[in-house]
Each structure stands twice: as structure tokens, then as C-alpha cells.
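The structure appears below as C-alpha cells.
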Amino acid sequence: MPRPLTLAVFTKNRVNPAYDAARLVADRLAAEAGARTIHYVPQTPDHVGQQKALVSEALATPPDGVLFNPTDDVAMAEDLERFAASGIPVAVFINRMPGKVLTFVGSDDIAVGYKAAKALIDGIGGKGGIVALDGTPSARTARDRTVGLQRAVAESPGITLLGSRVGYLQQAPARTAMAELLAEHPQIDGVWTANDVMAFGALDALADANRTAEVVGVNGLPAAIDHIEHGRMLASVDFSAFNIAAIATRAMLRHLEGKPVPQEIMVPAELIDRSNCHRWKVPFAERACATWDEIVR
């Protein structure tokens with residue numbers, strides 16, 4: 001009896017629930033195909049050196065395929081080359097990076113950032129001052145989302161971007177960054193954040209300061225859906241690590257079966273607000289996995 005296929009799954013941390021969802025769906029789809037997964041996650045969130053060490057660990061017992069979410073799209077390029085040199089196919093997902101890969105699976109992050117920003121601008125009536133909590137500079141997703149924000153602000157003469165801070169895509173740093181912005185600006189009408197976890201940090205800081213502002217995020221996490229439903233957040237964008245990882249896993253399994261796979265697969269990202277948030281009120285463990293034909297046409 002042949003041994004089961006092994007997929008090495010690299011994610012950036014265990015503090016963002018989006019990556020929990022990515023690991024969950026990779027496990028589910030691999031198991032359905034009779035394959036197994038091995039997860040490689042830095043102990044320190046987003047730590048480049050630790051992810052490099054994990055690449056070496058994976059290469060010591062080579063997997064059949066790799067699902068790779070890089071901690072840094074530039075610093076990890078040489079590690080991507082190590083997989084290529086070993087003849088191991090790699091599907092990069094969520095964070096795009098240069099190099100020899102089977103496929104990239106993600107969403108248009110500039111459009112995602114723009115969509116969140118437009119929702120915020122519309123939500124405050126097209127006038128006022130907003131602040132931004134940017135993601136980790138080493139994350140391509142975060143950089144591109146900020147470009148989307150800047151485009152939306154440039155199109156909106158009634159909006160002033162008062163200031164920005166890096167929240168590192170984590171709740172505690174975002175809370176600290178938002179507290180600094182609140183101390184600097186006596187009036188903030190809206191808060192744009194590059195992911196939902198930072199939006200939660202912004203909400204914490206607003207509560208600490210007894211201030212209010214409209215807040216938007218990205219990811220459509222269950223806690224964000226609850227905040228939107230109850231009016232604590234204005235909106236999120238469904239940049240779904242769950243669906244992206246599902247399609248990345250399906251792509252790798254297809255390739256290992258000898259089936260063709262596109263070089264790039266873009267997963268749609270829908271705006272979530274109070275008008276439609278009920279559609280996302282399903283725990284990740286109970287959600288249907290995105291099918292190949294739904295996304296790849």
C-alpha cells in the first residue's frame with residue numbers, strides 16, 4: 001500500500017484566527033483526499049528566522065508538496081528557492097512573493113484595502129478625519145491594502161488622513177498604536193485597519209479612552225461579524241484565509257494527481273456590513289469548503 005501524500009503547511013503565526021481557519025481547512029481537504037498535513041508555524045509570530053529554520057526542518061523529511069504563507073516576501077525568497085532546488089512543488093498563498101512556484105492563491109489586496117476604505121468613507125458621510133492601522137511592513141498583503149486606502153482617500157476631497165501607525169496585524173500592538181493616535185487627535189471620525197484583529201485592538205483603545213469612531217477591518221472573522229451585527233464595527237472585507245487555503249490545498253492535490261493548475265488564482269473578497277453579515281455567522285469548523293469550480297473558471 002503506497003504511503004499517503006504529505007503536505008507541509010507553512011503559516012505565519014498562531015495569534016490570528018484567520019490562520020487557524022487556514023490550517024483547519026487544509027487538514028480537512030487533505031484528509032478527504034487521503035493525504036496528511038504537517039504544520040510549520042513560528043513560535044514567535046511572523047518571525048523570519050524561525051520560519052527559515054522550519055523550512056530546513058521540512059526539507060529534512062521532504063514533503064510531496066508545500067503550502068507556503070511567507071513571513072516576509074523578500075527575506076523568504078531564498079527559502080522558496082531551496083524547495084524548488086529539491087523539486088518540491090510550492091503553492092504560495094495569501095502573501096504573494098516572487099520565485100518559482102506552482103501557483104499563487106490570494107485576493108486582490110489593493111482592491112480589498114480600497115473596498116474597506118470606501119465603506120468607511122461612505123459610513124462617515126464622505127467628510128471627516130480618519131486614521132489608519134497598517135499591517136506589518138514585511139507582509140505584501142498589508143502593503144497592498146495600504147495602497148488601496150491611499151487611493152480611496154485621494155478620491156475623497158472631504159476626507160483627511162490624520163495619521164497612521166503600524167499595528168503588526170495583531171490586537172495588542174494595534175491597541176497601543178490606536179491609543180497613541182487618540183492622544184494626538186481629539187477628533188477621529190473613522191479608523192481603517194488592515195485586518196480584523198487590529199480592528200479589535202482599535203475598539204479596545206476607543207473603549208479605554210471613552211471615545212467613538214467608525215471602524216473597518218479585513219478578514220470577516222467571526223468576532224468581526226458579531227461586532228458588525230451589534231453596531232460596534234462598520235464593516236469588514238471577506239479576505240478569506242479559509243477559502244484561499246482551501247483552493248491552495250485543492251490546487252496542490254490536483255497537481256500531485258497530474259492535473260493542470262493555473263499559475264495564479266484570485267479568490268473574490270466581498271464587503272461585509274450589517275446588511276449581509278448574517279451570511280458569515282457560521283463557525284469555520286462548520287463552513288463548506290470553497291470548491292474548485294466555484295473559484296477557478
Residues of the stretch 71-83 classified as farther than 11 Å from residue 59 by Cα and more than 22 Å from the chain's Cα centre (by Cα), total
2
Considering every residue within the stretch 212-232, establish whether at least one is of a type in the set (Ser, Thr, Tyr) and either touching a residue at least 40 places away in the same chain (Cβ under 8 Å) or within 20 Å of residue 8 (Cα to Cα) (or both).
no
Based on this model, can you work out whether residue 104 counts as within 30 Å of residue 286 (Cβ to Cβ) and touching a Lys or Arg at 6+ places or on another chain (Cβ under 7 Å)?
yes
Can you name the number of the only condition in (1) surrounded by 24 or more Cβ atoms within 10 Å (Cβ to Cβ); (2) hydroxyl-bearing (Ser, Thr, Tyr); (3) more than 30 Å from residue 97 (Cα to Cα) that residue 168 fails?
(3)
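Residue-wise test of (1) modelled with pLDDT of 95 or more; (2) surrounded by fewer than 19 Cβ atoms within 10 Å (Cβ to Cβ); (3) in the same structural domain as residue 199 (by TED's automatic domain parsing).
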position: 87; (1), (2), (3): yes, yes, no
position: 94; (1), (2), (3): yes, no, no
position: 103; (1), (2), (3): yes, no, no
position: 123; (1), (2), (3): yes, yes, yes
position: 134; (1), (2), (3): yes, no, yes
position: 152; (1), (2), (3): yes, no, yes
Hey, can you tell me all the residues within the stretch 242-290 that are out of contact with any helix residue (DSSP H, G or I) (no Cβ under 8 Å at 6 or more places or on another chain) and among the hydroxyl-bearing types (Ser, Thr, Tyr)?
275
Can you tell me which residue among 297, 211 is out of contact with any Cys (no Cβ under 8 Å at 6 or more places or on another chain), surrounded by fewer than 18 Cβ atoms within 10 Å (Cβ to Cβ), at pLDDT below 95 and assigned to a loop (DSSP other than H, G, I, E, B)?
297
Determine whether the stretch 70-78 contains at least one residue that is farther than 24 Å from residue 267 by Cβ and surrounded by 14 or more Cβ atoms within 10 Å (Cβ to Cβ).
yes
For the stretch 243-272, give me each residue that is closer than 10 Å to residue 220 by Cα and either free of Cβ contacts under 8 Å to residues at least 12 places away in the same chain or not small (Gly, Ala, Ser) (or both).
270, 271, 272
Given the structure, is residue 98 at negative phi, assigned by TED's automatic domain parsing to the domain that holds residue 34 and in contact with an Asp or Glu (Cβ under 8 Å, 6 or more places away or on another chain)?
yes
Could you check residue 180 against (1) of a type outside the set (Gly, Ala, Ser); (2) touching a residue at least 24 places away in the same chain (Cβ under 8 Å); (3) within 24 Å of residue 13 (Cβ to Cβ); (4) surrounded by fewer than 17 Cβ atoms within 10 Å (Cβ to Cβ) and say which number it fails?
(2)
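The values are calculated or read from the model by the stated rules, or taken from the named source; none is laboratory data. Worth saying up front: this structure is predicted, and the values here are computed from it rather than measured. Here Cβ is always computed from backbone atoms with ideal geometry, including for glycine, and neighbour counts include all displayed protein chains.
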